[in-house]
Each structure stands twice: as structure tokens, then as C-alpha cells.
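Any read-out appearing in this document is the output of simple, stated calculations on the displayed coordinates, not a laboratory observation. Quick caveat: nothing in here was measured; it's all calculated off a predicted structure. Virtual Cβ from ideal backbone geometry, glycine too; neighbours counted across all protein chains shown.
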Amino acid sequence: MHTIFKSILLVSLGVFSGFALAGPNWDVINSARAAAQQRDTTAAIQAARLAQCDQMMKKMGSHPMSSGKDAQPMTPMGPSEAK
């Protein structure tokens, strides 16, 4: 019984030490770095677009496009879908 247990333990240690000595998988690490850089770049572009949109909305808010009793409120959907 002890010899079976020792054999299993020895094989397990051999397998785990093989994993430890194999080293890191650089292809996986580099692809993860590239994905993170792409995500950061995309987030920066989106933040710049939102800032530009905020500036345009502030300009539109200070200069109303139309006035009067027939003027429709501005909605994200547009005048035909707002009804």
C-alpha cells in the first residue's frame, strides 16, 4: 500500500516540477499585453469622442436652433420618432 502511495506521489512531483521548469508561455503573455494595449487605446479614443460630443452639446445648448410654439424638443431619437 505504501509503495503505491509513494509511486503516485513521485509521479505527481515529477509532473509538477516539469511544469515549474518549463517557464512562461511568452506567446500568451505577449498576446495579453497586445489586447490590453488595444483596449486602452480604444478607451482613450472613446473618451476623446465623448469630450468632443460634450463640447458640441454645450455649444448647441447656448444657441437654440428654433423657437416658437411649433418647435419640437430635441431628443436622441429625432423629431419623427419622438412623437
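Given R0 = 41 Å, the distance between the Cβ atoms of Met57 and Ala34 translates into a calculated FRET efficiency of 0.75. In sequence order, segment 39-49 has phi-based couplings of 5, 5, 5, 5, 5, 5, 5, 5, 5, 5, 5 Hz under the Karplus curve 6.51 cos²θ - 1.76 cosθ + 1.60, θ = phi - 60°, and Gly or Pro positions carry x.
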